[in-house]
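Notes follow once the structure below has been shown.
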Amino acid sequence: MEKSDILVIGSGIAGLTFALEAAEAGTVTMITKKQDTDASTNYAQGGIASVLSMKDSFDLHVEDTIRSGAGLCRKRAVSIMVREGPQRIRDLQKWGVEFSHYYNENGRKVLALGREGGHSMDRIIHKADHTGREVEATLVKCCQEHPNILIIEHTSAIDLAVDYSGRSPRCVGVHLLISDGKIEHAPAKITMLSTGGCGQVYLHTTNPSIATGDGIAMAYRAGARISNLEFMQFHPTALYPVKGQAFLISEAVRGFGGVLRTSDGNTFMQNYHPMRDLAPRDIVARAIDREMKTRGEDFVYLDITGRRQDEIRERFPSIYRHLLTQNINMTKEWIPVVPAAHYMCGGVVTDLYGRTSLQCLYATGEVACNGVHGANRLASNSLLEAVVFAHRASQRVKAEVKDLLEPETLPMLDNSVESSTEEEWVLVSHDRFELQKLMWDFVGIVRSTLRLERARSRVDLIKREVENLCKRSVLTEGLLELRNIALVASMIIRSALRRRESRGLHYTTDYPEEDNSRKPRDSVLFRRRSKQSEHC
Ligand code: FAD
Ligand code: SIN
């Protein structure tokens, strides 16, 4: 593979916006696992939170974010995200992204602002209920047309290549799986991890199939610091029954007047939080979980029938159409919903410019943990965080890339196995399901030490089996994903066991209160420095 100055892994909002800006300073190769638009970004519904109204203020958005983050947000990071947000929204518009708008009484075109859980103001810009599709399609087109950007689809990053010869280890590119068993090496001066989240670690998730935590696993194996993995966010309202990737019913539906009800028609959020149905997400998801468990029911209902039919169809056209295919008319009927794994608040530790603890390795978007989300992300802050910090990273990279030396030849990866047995393929799909089920049953919305320990011993056993399977099989995308899911699952459990308190998204019946006897701390994991790589 040709050398490029900058290598970007992932083609979601984070990778795309970073690439568009970094390409002003050098050649960019973007690697992506499936098709270029296959990313969580493409599925985003609610929109992007930003202070764009005279009635709103930076201080209010900062306050809402920090309140939601339950004591673990890094205030400087939050302030940067909120204050730089409006300019980054203008960048998106400059690239061609269109948002829903209306004309005010003076005939002026004004952005339509929605409301979601935990926000004290209307501040979510959106494109009806398919914001992600609009953003993804526009940015992919810009990258495809850029003379300095090459997008390579259907190629999986296996592991980061690390040069240990200098004073401190340096990332010098990545090993790639081009097709089953075929490995190539992509050297680069700078590598940007923008591989998104890890919802696929759980049985029920709103995330697409690409979200297998590859970036977290690769960074960990390469020796980078990883933080706060116990904070997996469960979205309160995925359509029930969940088939494959859970279909999300946007929080914007509650922001538009939707209320949650039990099967007898009673509302219940008034019993849990003063903001009722628009309480922060961790609180709503736990409330639903509790109602389902105490009533012995498999789901609750979301009722938006209080709004006019034409308004609902105009504001939520995609959700409306999808529900009709499931024989539900949301303008007249209640929608059955359950929580599902949605967003990883922790990830690869970065500074305020996307730099990780490993030289020349950057991370941005959902894979990264820069302190913005703390113990619970505020709704629609994810896309905002991705554009703000991808921009900051690009500014830093533009300044430093010209002074960096070309990396030497990459250390090789060995996968000299010639064939795999059918039995090995069966093991891959069986193990993936077993891991997802274990995580769903034992490491979900409500946890306990007993369940976490049980999960740990079983997940670690599967993880060892998968590592052995890797040594004797031809590498495939499925096997790589399984190895990453197993590693990330075990890291989530370790982080959860270490946190002896309940905070934000991590709730354990053994320590049901926040421990405020000392300053709240991030949980951090890293692999001891070793020249020996753990790859297949
Ligand atoms: P992604 O968009 O997931 O992109 C990751 C990329 O990395 C993909 O291209 C993938 O193929 C690639 N990749 C992964 N592993 C590898 C590998 N090993 N090799 C090569 N490529 C790889 N957030 C909001 O702020 N507002 C919303 O309204 C909203 N709605 C959402 C609705 C849904 C259904 C979901 C799932 C999420 C939603 N979120 C929302 C969260 C938000 O969409 C994501 O956090 C955000 O899009 C992540 O962007 P990203 O660029 O970091 O990752
Ligand atoms: C949604 O539309 O409910 C998702 C918003 C988010 O994840 O921030």
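In segment 257-281, which residues are within 12 Å of ligand 2 (Cβ to nearest atom) and out of contact with any Ser or Thr (no Cβ under 9 Å at 6 or more places or on another chain)?
Once the filter is applied, which keeps residues that are within 12 Å of ligand 2 (Cβ to nearest atom) and out of contact with any Ser or Thr (no Cβ under 9 Å at 6 or more places or on another chain), segment 257-281 yields only Leu278.
So for segment 61-70 (the condition being closer than 18 Å to Pro280 by Cβ, at pLDDT 95 or above, out of contact with any Ser or Thr (no Cβ under 9 Å at 6 or more places or on another chain) and part of a loop (DSSP other than H, G, I, E, B)), does at least one residue qualify?
Checking segment 61-70: at least one residue is closer than 18 Å to Pro280 by Cβ, at pLDDT 95 or above, out of contact with any Ser or Thr (no Cβ under 9 Å at 6 or more places or on another chain) and part of a loop (DSSP other than H, G, I, E, B).
For His146, only one of the following conditions fails: (1) crowded, with 24+ Cβ neighbours inside 10 Å; (2) away from ligand 1 (no atom under 13 Å from the Cβ); (3) closer than 30 Å to Trp95 by Cα. What is its number?
(1)
Out of segment 491-525, which residues are polar (S, T, N, Q), in a loop (DSSP other than H, G, I, E, B) and surrounded by 13 or more Cβ atoms within 10 Å (Cβ to Cβ)?
Ser502, Ser523
Go through (1) within 14 Å of ligand 2 (Cβ to nearest atom); (2) among the aliphatic types (A, V, I, L, M); (3) crowded, with 24+ Cβ neighbours inside 10 Å for Ala157 and report which single condition fails.
Among (1) within 14 Å of ligand 2 (Cβ to nearest atom); (2) among the aliphatic types (A, V, I, L, M); (3) crowded, with 24+ Cβ neighbours inside 10 Å, the lone unmet condition for Ala157 is (1).
Quick test of your reading of the structure: Gln233 fulfils all but one of (1) surrounded by fewer than 23 Cβ atoms within 10 Å (Cβ to Cβ); (2) within 14 Å of Ala341 (Cβ to Cβ). Name the failing condition by number.
Of the numbered conditions (1) surrounded by fewer than 23 Cβ atoms within 10 Å (Cβ to Cβ); (2) within 14 Å of Ala341 (Cβ to Cβ), the odd one out for Gln233 is (1).
This table checks each residue for (1) of a type in the set (Lys, Arg); (2) over 25 Å from Glu134 (Cα atoms); (3) at pLDDT below 95.
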{"residue": "Asp303", "(1), (2), (3)": "no, yes, no"}
{"residue": "Ile312", "(1), (2), (3)": "no, no, no"}
{"residue": "Arg315", "(1), (2), (3)": "yes, no, no"}
{"residue": "Val338", "(1), (2), (3)": "no, yes, no"}
{"residue": "Thr350", "(1), (2), (3)": "no, yes, no"}
{"residue": "Ala379", "(1), (2), (3)": "no, no, no"}
{"residue": "Glu406", "(1), (2), (3)": "no, yes, yes"}
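Is segment 1-17 home to any residue that is more than 13 Å from ligand 1 (Cβ to nearest atom), farther than 30 Å from Gly504 by Cα, part of a helix (DSSP H, G or I) and of a type in the set (Asp, Glu)?
No, the conditions are met nowhere in segment 1-17.
Taking interchain pairs and intrachain pairs at least six residues apart, which have beta carbon atoms under 6 angstrom, with the first residue in segment 6-22 and of a type outside the set (Asp, Glu) and the second assigned to a strand (DSSP E or B) and within 6 Å of ligand 1 (Cβ to nearest atom)?
Ile9/Ile31; Ile9/Ala157
Which residue, of Thr37, Thr41, Thr29, Thr65, is within 30 Å of Ala186 (Cβ to Cβ), touching a residue at least 60 places away in the same chain (Cβ under 8 Å) and within 16 Å of ligand 2 (Cβ to nearest atom)?
Exactly one residue qualifies, and that residue is Thr41.
Check segment 373-392 and report whether any residue there is touching a residue at least 60 places away in the same chain (Cβ under 8 Å), away from ligand 1 (no atom under 12 Å from the Cβ) and more than 16 Å from the chain's Cα centre (by Cα).
yes
I'd like the full set of residues that are within 16 Å of ligand 1 (Cβ to nearest atom) and in a loop (DSSP other than H, G, I, E, B), limited to segment 450-490.
Those that are within 16 Å of ligand 1 (Cβ to nearest atom) and in a loop (DSSP other than H, G, I, E, B): Leu475, Thr476.
Name the residues in segment 411-435 that are away from ligand 1 (no atom under 16 Å from the Cβ) and either in contact with a strand residue (DSSP E or B) (Cβ under 7 Å, 6 or more places away or on another chain) or at pLDDT 90 or above (or both), would you?
Result: Pro411, His430, Asp431, Phe433, Glu434, Leu435.
Out of all the residues in segment 73-126, which are part of a helix (DSSP H, G or I) and among the aromatic types (Phe, Trp, Tyr)?
Answer for segment 73-126, where residues must be part of a helix (DSSP H, G or I) and among the aromatic types (Phe, Trp, Tyr): just Trp95.
Residues that are in contact with a helix residue (DSSP H, G or I) (Cβ under 7 Å, 6 or more places away or on another chain) and within 15 Å of ligand 2 (Cβ to nearest atom), at least 3 per element: which strands (runs of 3 or more DSSP E) completely within segment 305-395 meet that?
Counting at least 3 such residues, we get 335-344.
Quick check on Arg472: is it at pLDDT below 95, of a type in the set (D, E, K, R) and either surrounded by 15 or more Cβ atoms within 10 Å (Cβ to Cβ) or under 30 Å from Lys182 (Cα atoms) (or both)?
In short, yes.
Looking only at segment 173-183, which residues are in contact with a Ser or Thr (Cβ under 8 Å, 6 or more places away or on another chain) and either part of a strand (DSSP E or B) or aromatic (Phe, Trp, Tyr) (or both)?
Gly173, Val174, Leu176, Leu177, Ile178
Thr138 fails exactly one of the following numbered conditions: (1) hydroxyl-bearing (Ser, Thr, Tyr); (2) within 16 Å of ligand 2 (Cβ to nearest atom); (3) surrounded by fewer than 22 Cβ atoms within 10 Å (Cβ to Cβ). What is the number of that condition?
(2)
Which residue out of Thr131, Thr195, Thr191, Thr155 is among the polar types (S, T, N, Q), touching a residue at least 60 places away in the same chain (Cβ under 8 Å) and under 26 Å from Asp64 (Cβ atoms)?
Thr131
Conditions (1) surrounded by fewer than 24 Cβ atoms within 10 Å (Cβ to Cβ); (2) at pLDDT 95 or above; (3) aliphatic (A, V, I, L, M); (4) within 9 Å of ligand 1 (Cβ to nearest atom), marked per residue:
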residue	(1), (2), (3), (4)
Pro208	yes, yes, no, yes
Asn228	no, yes, no, no
Gly244	yes, no, no, no
Pro274	yes, yes, no, no
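What's the number of the only condition in (1) closer than 22 Å to Lys402 by Cβ; (2) surrounded by fewer than 21 Cβ atoms within 10 Å (Cβ to Cβ); (3) of a type in the set (Val, Ile, Thr) that Thr191 fails to meet?
(2)
The values are calculated or read from the model by the stated rules, or taken from the named source; none is laboratory data. Small disclaimer: the values here were computed from a predicted structure and weren't measured. Note that we place each Cβ from the backbone using ideal geometry, even for glycine, and neighbour counts take in every protein chain shown.
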